[in-house]
Amino acid sequence: MRQKIVSQLRIMTRDISSPVSLRMKILELLLRIPKGKVTTYQELAKAAGSGPRAVGQVMKRNRQPDFYPCFKVIKATGHVGEYSGPGRVREKVRRLRADGVEVRNGRVDLDRFMHRF
């Protein structure tokens, strides 16, 4: 009986717990961030039912930054953080500014530019 229940639970949760599904959920949420807004790793993780480190890994592995705007994800302190794409942090700041987000001393004013899900 216990085996049957465990088996059924695995089938029921397979889609939501798989790394591919989590990655897609994070990327889909990323597409909801409006122009001129940013979100934090923590906020995105909360919306995805995940942890901030998982979000960071998805952002790091994003091979389509022009489609999935990973540059819009910053630290909870407002610091822009890292960027693994070409141009590194300078490129992240350039992209944020081009999107309408004001960056001063490597920080974004979260009171003005934060998007919450």
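Summary table
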quantity	calculated
Candidate set from the range 53-79 (those that are of a type outside the set (D, E, K, R), assigned to a helix (DSSP H, G or I) and touching a residue at least 12 places away in the same chain (Cβ under 8 Å)); member that is nearest to residue 106 (Cα to Cα)	71
Checking residue 59 against (1) more than 16 Å from residue 115 (Cβ to Cβ); (2) modelled with pLDDT under 95, the condition it does not meet	(1)
Failed item, numbered, when residue 78 is tested on (1) closer than 18 Å to residue 31 by Cα; (2) buried (at least 17 other Cβ atoms within 10 Å of the Cβ); (3) modelled with pLDDT of 95 or more; (4) not basic (Lys, Arg)	(1)
Filtered residues of the range 82-101 (kept if assigned to a loop (DSSP other than H, G, I, E, B) and without any contact (Cβ under 8 Å) to a residue 24 or more places away in the chain)	82, 83, 85, 86, 87
Residues (of a type outside the set (D, E, K, R), closer than 17 Å to residue 98 by Cβ and surrounded by fewer than 19 Cβ atoms within 10 Å (Cβ to Cβ)) located in the range 34-63	34, 36
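The values are calculated or read from the model by the stated rules, or taken from the named source; none is laboratory data. The structure presented is a predicted model; accordingly, all values stated were derived computationally and were not measured. Here Cβ is always computed from backbone atoms with ideal geometry, including for glycine, and neighbour counts include all displayed protein chains.
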